[in-house]
Amino acid sequence: MEESFLENPELLISGQVFLINKPLTWTSFDVVKKLKGALIAFYKRAHSGEKEIRKLKIGHAGTLDPLASGLLILCTGSWTKKISIIQDAEKEYTGTMVLGANTASHDLETAIVPRDNFQFPDSQKIHQIANSFVGIQLQTPPAHSAVKVGGKRAYALARQGKEVEIKPKEIEIRAIEITRIQSPEIDFRIVCTKGTYIRTLAFDFGEKAGTGAYLSALCRTRIGEHRLDNAMNPLEFVKQIAEKQAL
């Protein structure tokens, strides 16, 4: 059985990878802050009385929006140097888009604006549109995103009512599966490369369908070989650490 950092705190320095199931509405920073505080306190307590304690580095690989849930990977110690490798890995998501309306952010962050004369497309057309996205393409990130424009985050400018011009980036959609169709909603599973905005994909889907669409739910289920099935709730993770300290 693989040794745990709870038994050997020095493993946090040599490097650990933690799979976390980010709750809905939490930011990625919220998760890092919650776990970083608990891990540093645990490490310091294990070395209480020592004059010098090695600094514990902690970072996350791949940001998730607050309105998305799912797999967030945290790295400690020497593994923080490999964060970029993890971020570059293939991603998998499941989600729901709603046809018949748009939002400025392409998700539920901003107001829903219904489209006139909405007609839900038939199953054949839905699958045809979905398949049309498979492959390498240019995608323009949404104005309400963390992309930097002139040194500032695009979402900050967009919230100020300023127009934001963002250059398109090359992405690849490697697979799309439509898993449920029930007007006005469509559920899907998607496999894609780094930097793909699923809410932009939902918007583009709505444009091709002539109905408008926005993303109402999103969950990241995989990053490379790491799967959500093996992830832990951050509050449960902190509880485990606290229970170990209480012994």
- Would you mind calculating the gained length between Leu138 and Gln245 on full extension (0.36 nm times residue separation, minus the Cα-Cα distance), in nm to one decimal? 33.5 nm
- Give the Kirkwood hydrodynamic radius (Å, one decimal) of the chain, defined as one over the mean of 1/r across all pairs of different Cα atoms. 19.8
- For the chain, modelled as a Gaussian network with Cα springs under 10 Å, which listed residue fluctuates most, Ala111, Ala61, Ala89? Ala111
- For Gly212, which sequence-distant residues (separation of 5 or more, or a different chain) have an amide H within less than 5 Å of its own amide H, given hydrogens modelled in the peptide plane? Gly100, Glu207
- Query: Distance from the Cα centre of region 171-187 to that of region 52-124, in angstrom?
  - Reply: 16
- If the limit is 22 Å between Cα atoms, which of Lys82/Lys239; Lys22/Lys194; Lys36/Lys169; Lys33/Lys82; Lys81/Lys244 go over it? Lys82/Lys239; Lys36/Lys169; Lys81/Lys244
- Calculated FRET efficiency for the pair Ile13/Leu235, C-beta based, R₀ 30 Å, to 0.05: 0.75
- Query: Among Asp204, Asp229, Asp107, which one moves the most in a GNM of the chain with springs linking Cα atoms closer than 10 Å?
  - Reply: Asp229
- What residue among Ile20, Ile223, Ile136 shows peak mean-square fluctuation when the chain is described by a Gaussian network model with Cα springs under 10 Å? Ile136
- Note on the structure: Checked region 1-128 against the a/c 1.5 cut and the a/b vs b/c comparison, axes a ≥ b ≥ c from its Cα gyration tensor; verdict prolate
- Query: Roughly how many nanometres apart are two label points built 7 Å out from the Cα toward the Cβ at Asp187 and His226?
  - Reply: 2.6
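Throughout, read-outs are computed from the coordinates displayed, never taken from laboratory work. Small disclaimer: the values here were computed from a predicted structure and weren't measured. All Cβ positions, glycine included, derive from the backbone under ideal geometry; neighbour counts span all protein chains shown.
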